[in-house]
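The values are calculated or read from the model by the stated rules, or taken from the named source; none is laboratory data. Everything numeric here is computed off the predicted structure, so don't read it as measured data. Using ideal geometry, Cβ is built from the backbone for each residue, glycine included, and neighbour counts are taken over all protein chains shown.
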Amino acid sequence: MMDVDLEFASRRFKNEQSSRQRAAAERREALRKEREVSRLQRAAREAEIAQREAEAARAAEESARMREADLEKNRGIVYHARLQPRLCMDAEVKGVRRRADKVTLPRSAAAELAHAYKNGQLFFELSAGNGRPVTHVSILDFTADEGTIGMPPEVLRCLGLATDGSSGHHVMVRYKLLKRGTFARVQPVKRRFRTEVADVKLFLEHELHLRTTLSEGDELEVGTGAERHVLRILELKPESAVSLIDTDLEVEVNASVEEEEEVAAAEAERRRAEAAAAAFAAEQEAKRAAAAAAAAAAEREAEEREKAAAAAAREEREGRRREAAAVLQSGSLASASGGSGGGEVKVVVRCPDGSRCSGTFARTAPLALLFALVEAEWVEALGAPLLPQEFRLAASYPRRAFDRAQAQAATLESAGLGSAQEALFVEIPGVQA
């Protein structure tokens, strides 16, 4: 009984010990995972901080570079600010003629720009970032709230922002000297510009007198009422942004975007048609080439068949020649052993090429020997038709003709060829003698 109790206690102790070990291992693993998560979070925070610091350093470096560049270009004047855009119609309310790109800045900007008036009109470069266009403006006054810049809807449109000033984007403002413009290339968006604007020069002069600056990439909405048109500024000289104050600007008007798109579409259609025609021509050429190749292959195959047939025909003809020679020799031996008591006949056979085969036979010799004579002794010229098996032997006077079937059971004498000399010719069916 005591042994049983001790064994039970031992098992229970071992089970409890195993449970404690598993629990301890699980706590260690949970602690390890928690520390790993903390390490990764700390590394991510440190990387983020390092990235922000690097970006700040790059921004500071770029700002310093821009500042140095501006000091040189702007004759010692630098102004950089990040401001919130607000819709401002003050220039229009005040009746300012060149109101389309006039902005208001905070009063604090006036102090920084106190010495800028030595350079004349105050111009600024505006950028909303994120790949949006850059445009340029001139100062109206310094009455905007701190941290903001007031601008008309035309400027907001050029920046790609909502024209009511509600976009929420900040704008980078940078003081910049602008040279007087000498040349501008503009492009209407719609084709109707050419038909609706009778005097383009007068129209553009009126519209450009509403502005103090132009920037490449600007989109200007010009005209009044139903005759509103959008013009894109494609090119400016002498620089990509120019002043329009006290300048004589040469303006060149390109074909409209719609017209260019139609030309491009027509050109694309022409190229597509050319490509389709080229593809069709290539397909037809491929078909012609395939047909020519097939015809050439068929011709080669026919030639091979013809050569094979000719070779077979020559082989067949040579076989007949050998058989005929054997028959002729056997018949001649038989005639010689049988004697010539019945007399002999000299037979001359004219062949199709004019050559002659001749032999002397007993009158009682089989008529078939004459066929064997022609088969064995006539040799066709190279390239000439071979002697067909169904040829006949014929005599002219009187007209007689013999074929192989008749020759099997006839002798020369029974066939009427018993004279001392007989003349025959080879007659080929279908060929005129």
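For this structure, a couple of remarks:
- Candidates GLU146, GLU62, GLU72, filtered to the one that is more than 17 Å from LYS176 (Cα to Cα) and not β-branched (Val, Ile, Thr): GLU146
- Test: residue in the range 164-175 that is among the aliphatic types (A, V, I, L, M) and assigned to a loop (DSSP other than H, G, I, E, B): no
- From GLY181, GLY165, GLY160, residue being under 38 Å from the mean Cα position of the chain (by Cα), within 27 Å of LEU105 (Cα to Cα) and not aromatic (Phe, Trp, Tyr): GLY160
- The residue list GLU72, GLU61 contains one member that is closer than 21 Å to SER243 by Cβ, of a type in the set (D, E, K, R) and at pLDDT below 90, which is GLU72.
- Scan the range 214-238 for residues that are surrounded by 13 or more Cβ atoms within 10 Å (Cβ to Cβ) and either acidic (Asp, Glu) or under 12 Å from GLN187 (Cβ atoms) (or both) and the total you get is 13.
- Qualifying residue in the range 352-371 (condition: without any contact (Cβ under 8 Å) to a residue 24 or more places away in the chain, loosely packed, with under 15 Cβ neighbours inside 10 Å and closer than 15 Å to ALA324 by Cα): yes
- PHE124 crowded, with 22+ Cβ neighbours inside 10 Å and either modelled with pLDDT of 95 or more or farther than 14 Å from MET89 by Cα (or both): yes
- For GLU205, the stated conditions hold: it is assigned to a helix (DSSP H, G or I) and of a type outside the set (A, V, I, L, M, F, W, C).
- Scope the range 312-354; condition at pLDDT 90 or above and assigned to a loop (DSSP other than H, G, I, E, B); matching residues: CYS351
- Test: residue in the range 394-404 that is crowded, with 17+ Cβ neighbours inside 10 Å and of a type in the set (Asp, Glu): no
- Filter pass, MET172 being touching a Cys at 6+ places or on another chain (Cβ under 7 Å) and in contact (Cβ under 8 Å) with a residue 60 or more places away in the chain: no
- Selection status of VAL93, closer than 30 Å to PHE142 by Cα, surrounded by 12 or more Cβ atoms within 10 Å (Cβ to Cβ), assigned by TED's automatic domain parsing to the domain that holds MET172 and β-branched (Val, Ile, Thr): no
- Boolean, ARG99 is over 18 Å from VAL171 (Cβ atoms) and in contact with a Pro (Cβ under 7 Å, 6 or more places away or on another chain): yes
- Within the range 386-413, if we keep just the residues that are without any contact (Cβ under 8 Å) to a residue 24 or more places away in the chain and not in a helix (DSSP H, G or I), the residue that is nearest to ARG322 (Cα to Cα) turns out to be ASP403.
- Scope the range 375-420; condition at negative phi and under 60 Å from the mean Cα position of the chain (by Cα); matching residues: LEU382, ALA384, PRO385
- Residue match in the range 256-278 (condition: closer than 19 Å to GLU207 by Cα, surrounded by 10 or more Cβ atoms within 10 Å (Cβ to Cβ) and out of contact with any Gly (no Cβ under 7 Å at 6 or more places or on another chain)): yes
- Filter result for GLU72 (of a type in the set (Asp, Glu), free of Cβ contacts under 8 Å to residues at least 40 places away in the same chain and assigned to a helix (DSSP H, G or I)): yes
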